[in-house]
Amino acid sequence: MAEHVADAAEQAGLPEAAVAREWLETMMLIRRFEERAGEMYAKAKIGGFLHLAIGEEATIVGSTRALRDQDYLISTYRSHGHTLARGSDPNRVMAELFGRVDGLCKGRGGSMHMFDAEKRFMGGYGIVGGNLPLAAGFALASDYLGRDELTLCQFGDGASNQGTFGETMNLAALWRLPVVFMVTNNQFGMGTSLERHSAVTDLMRKGEGFGVPGMRCDGMDVMDTYRVTSEALAIAREERRPILVEAVTYRFRGHSMADPEEYRTKEQVDEWRKRDPIVVFGDQLAAAGIVDESERVQMDVATIERVDAAVAFADASPHPGPNALYDDIYVLGDQVRGWYSVDERTPTPHRGEDERAMDSAVLPHSEHEHGVAAAPKPADAAQRDAD
Amino acid sequence: MAVMRYREALNAALREEMARDPTVMLMGEDIGVFNGAFKVTAGLLEEFGDKRVRDTPISENTIVGMGVGAAMTGLRPVVELMTINFSLLAMDQIVNHAATIHYMFGGQAKVPMVVRMPQGAGHQLGPTHSHSWEALYLHVPGLLVAVPTTAADAKGLLKAAIRDDNPVVFIEHEYLYGQRGEVPDDGDHVVRFGEAAVRREGDDVTIVGISRMALTAARAARTLSDQHGIEAEVIDPRTLRPLDLDTILASVRKTNRCVIVEEGWPHGGVGANLAALVSEQAFDDLDAPIQRVTGADVPMPYSKPLEQIAFPQEQQIVDAVLASVGER
């Protein structure tokens, strides 16, 4: 029996059982996480914009699994999935969506700006195309420092129309940087379909004029995405040149939660849903005897419980206190010793600053005139709060 | 002390910091083979090689963005933009990325990068190469902003900028590149950000001059002394973020009068901001309204006579001071 399973898996080109199971679990986690995030948005637990990656799980997991721990991943404002796939704690991702102190970015970034330095997830970015130069910069540093690191840069089809796309392709090719650019072609730049926003719809070709050869993968197929991304990364590492990979995929939900989806038909969505990457991959694993039906259900239940726990964690995490408003604007050091040295507006404390205790010894300015030194002493602050 | 030109002082700062720290590297348009549009990087390609001194394509936003990325992952890039006008092409990377990343990601990443750019009128470069826009960058939390006037400060502030862990917009001046000044020989001559220089002491009026205008203000101060018996105190803030407001306020409390001189536009300018700060915090010490002398509220014209009246000259500063002391 065991031999039979291995044969069938090998025949289908599947990875080994434990790996295949982990891929499926991670795709399920992203799906369930995104669904719950959507619910939490509807309940106003999450503010701002919320862009879900439902439908794009194979693109995310297939490409991310081609990376090694030391490699960099950088993404867009649709980045919860990338963050989770890179191994960030779902609790902290959900807490970031809730804007809480235990969020990955202490509640400062929110949905569009995830970051996990430890996992080398180098950020979600809210400016379309803004992350491309950064990715080339990571690759430049790796190259310069002689480190065996690769960079995978994810962006959408809409970003391929930004100036940074052409500029970055050119520079990465010119300087032979070890970076793979993956354009996640989900068919729409917000509500504008590919053929309405790009003269060249064959996106894998869009880098060629800049010296960046293209490859394409089926972004609804986790194995194909993994295979093609791995190949591209190997070229980047061994031949020191960038590759553009087009992952053809589809988002099942709207651009954001505030999207009435008037630009596409229900039929089109239904057609793509038949290729649901989680169902398709699960079926493949079932056919190969790696995961049976009850195990699949079990995995899904465990995932839902995991996401429930993340919601509970996020909800229990406190909002940042007002004293956090001015944290982390600057890296403090010899020249910038505190928030005050860069903001001289008034002699009274700024919003949030009256609670801050700051060692007068490090204040670069005279203490008696203005700023924090003129802030009420803690007793006064407490009195004002009471008022 | 050695006497050198402002551009040579900048060059020395780059050379010394590159020698001191192997992660310091330069990127910019024509900084290598061409030796830099204003020759600030002359000889550095030869000395440090093309790995560390990189000529780039004309892609301002992307070269700054690559600097941001490289800074996030272990380098200390110094990016040169040919003029401050061109920096607008990189505004997205400077403001949305460099200035924001440390805060937005909860302190997990830092961006120790310097973006150098010259500004200023006087060379008939017309409406797309001659503006003075320190106010644009002063506006942005997360950035440090330097506006060196002398050769010594050019060197000392650039070294401090490179060593700092924050993104720095380092604004040079096209006119100042050729000016000579005494520069300390010490390789560790660093001018800390947030410390203004008092260029001239006086009891009658405080003149704050930004960038080149600190020099023009000093000339005006001599004229005021010689011809009007008015002793002006001239302050060069040297950096705008952080700003050494204490030194300015202390001076205003002594002189009770304040004139602010900048080359940039009047609306939302450095002077507008500084005038607000001074009147908020030293209103009772003022014996006259704060005066501003600014560039004209126009795109910079090419015509030489028009250009010359589009940015502040000595006489306008003299007039503003006389108005402040009530002699006009």
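Just a few scattered comments:
- Among the criteria (1) in the same structural domain as residue B:140 (by TED's automatic domain parsing); (2) aromatic (Phe, Trp, Tyr); (3) within 21 Å of residue B:310 (Cβ to Cβ), the one residue B:265 does not fulfil is (1).
- Residues of region B:141-161 satisfying the condition of being touching a residue at least 60 places away in the same chain (Cβ under 8 Å) and either at positive phi or of a type in the set (Val, Ile, Thr) (or both): B:145, B:147, B:149, B:150
- Qualifying positions in region A:93-139 - assigned to a strand (DSSP E or B) and more than 9 Å from chain B (Cβ to nearest Cβ): A:121
- Search result, residues across region A:67-113 that are surrounded by fewer than 22 Cβ atoms within 10 Å (Cβ to Cβ) and small (Gly, Ala, Ser): A:87, A:88, A:107
- Reported count of residues in region B:270-291, each being out of contact with any helix residue (DSSP H, G or I) (no Cβ under 8 Å at 6 or more places or on another chain), within 12 Å of chain A (Cβ to nearest Cβ) and within 20 Å of residue B:213 (Cα to Cα), is 1.
- Residue check, residue B:112 without any contact (Cβ under 8 Å) to a residue 60 or more places away in the chain, facing chain A (nearest Cβ under 9 Å) and part of a strand (DSSP E or B): no
- Candidates B:249, B:224: the one that is in contact (Cβ under 8 Å) with a residue 24 or more places away in the chain, of a type in the set (A, V, I, L, M) and away from every other protein chain (no Cβ under 14 Å) is B:224.
- Of all residues in region B:138-154 being more than 15 Å from residue B:169 (Cα to Cα) and of a type in the set (A, V, I, L, M, F, W, C), the one that is farthest from the other protein chains (Cβ to nearest Cβ): B:151
- Looking only at residues in region A:259-297 that are among the aromatic types (Phe, Trp, Tyr) and assigned to a helix (DSSP H, G or I), the one that is surrounded by the most Cβ atoms within 10 Å (Cβ to Cβ) is A:281.
- Helices (runs of 4 or more DSSP H) fully within region B:233-328 that include at least 2 residues being hydroxyl-bearing (Ser, Thr, Tyr) and touching a His at 6+ places or on another chain (Cβ under 9 Å): none found.
- Candidates B:226, B:188, B:203, B:246 - the one that is closer than 16 Å to residue B:156 by Cα and not β-branched (Val, Ile, Thr): B:188
- Verdict on residue B:275 being modelled with pLDDT of 95 or more, surrounded by fewer than 23 Cβ atoms within 10 Å (Cβ to Cβ) and touching a strand residue (DSSP E or B) at 6+ places or on another chain (Cβ under 7 Å): yes
- Members of region A:33-50 that are in a helix (DSSP H, G or I) and crowded, with 23+ Cβ neighbours inside 10 Å: A:33, A:34, A:37
Residues checked against (1) more than 19 Å from residue B:235 (Cα to Cα); (2) of a type in the set (Phe, Trp, Tyr); (3) within 13 Å of chain A (Cβ to nearest Cβ):
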| residue | (1), (2), (3) |
| --- | --- |
| B:165 | yes, no, yes |
| B:180 | yes, no, no |
| B:185 | yes, no, no |
| B:192 | no, no, yes |
| B:201 | no, no, no |
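- Boolean, residue B:47 is more than 9 Å from chain A (Cβ to nearest Cβ), out of contact with any Asp or Glu (no Cβ under 9 Å at 6 or more places or on another chain) and in contact (Cβ under 8 Å) with a residue 24 or more places away in the chain: yes
- In region A:298-322, the residues that are in a helix (DSSP H, G or I), in contact (Cβ under 8 Å) with a residue 40 or more places away in the chain and more than 15 Å from residue A:29 (Cα to Cα): A:313, A:314, A:315
- Residue, farthest from the other protein chains (Cβ to nearest Cβ), within region A:54-92, restricted to residues that are part of a loop (DSSP other than H, G, I, E, B) and among the aliphatic types (A, V, I, L, M): A:54
- When each of B:160, B:152 is tested for being assigned by TED's automatic domain parsing to the domain that holds residue B:108 and closer than 27 Å to residue B:75 by Cβ, the lone residue that passes is B:160.
- Residue in region A:231-243 that is assigned by TED's automatic domain parsing to the domain that holds residue A:159, touching a Ser or Thr at 6+ places or on another chain (Cβ under 7 Å) and crowded, with 18+ Cβ neighbours inside 10 Å present: no
- Selection count where residues are touching a residue at least 40 places away in the same chain (Cβ under 8 Å) and surrounded by fewer than 24 Cβ atoms within 10 Å (Cβ to Cβ), scope region A:130-141: 0
- For region B:84-97, the criterion of being touching a strand residue (DSSP E or B) at 6+ places or on another chain (Cβ under 7 Å), surrounded by fewer than 24 Cβ atoms within 10 Å (Cβ to Cβ), assigned to a loop (DSSP other than H, G, I, E, B) and not charged (D, E, K, R) is met by no residue.
- Looking at A:203, A:194, A:171, just one residue is within 25 Å of residue A:122 (Cα to Cα), without any contact (Cβ under 8 Å) to a residue 60 or more places away in the chain and under 23 Å from the mean Cα position of the chain (by Cα), and that residue is A:203.
- Unmet criterion (only one of (1) more than 8 Å from chain B (Cβ to nearest Cβ); (2) within 19 Å of residue A:232 (Cβ to Cβ); (3) not in a loop (DSSP other than H, G, I, E, B)) for residue A:142: (1)
- Meets criteria (surrounded by fewer than 20 Cβ atoms within 10 Å (Cβ to Cβ) and out of contact with any helix residue (DSSP H, G or I) (no Cβ under 7 Å at 6 or more places or on another chain)) for residue A:199: yes
- Filter pass, residue A:205 being touching a Leu at 6+ places or on another chain (Cβ under 8 Å) and either surrounded by 24 or more Cβ atoms within 10 Å (Cβ to Cβ) or more than 14 Å from every other protein chain (Cβ to nearest Cβ) (or both): no
- Where strands (runs of 3 or more DSSP E) sit wholly within region B:123-208, those with at least 1 residues that are more than 25 Å from residue A:334 (Cβ to Cβ) occupy B:168-173, B:180-183, B:197-200.
- A count restricted to region A:191-238 and to residues that are assigned to a helix (DSSP H, G or I) and among the hydroxyl-bearing types (Ser, Thr, Tyr) stands at 4.
Per-residue answers, yes or no, for (1) surrounded by fewer than 20 Cβ atoms within 10 Å (Cβ to Cβ); (2) not in a loop (DSSP other than H, G, I, E, B):
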| site | (1), (2) |
| --- | --- |
| B:10 | no, yes |
| B:36 | no, no |
| B:47 | yes, yes |
| B:58 | yes, no |
| B:62 | no, yes |
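The values are calculated or read from the model by the stated rules, or taken from the named source; none is laboratory data. Predicted model only: the values in this text are computed from it and were never measured. Cβ atoms come from the backbone with ideal geometry, glycine included; neighbour counts cover every protein chain shown.
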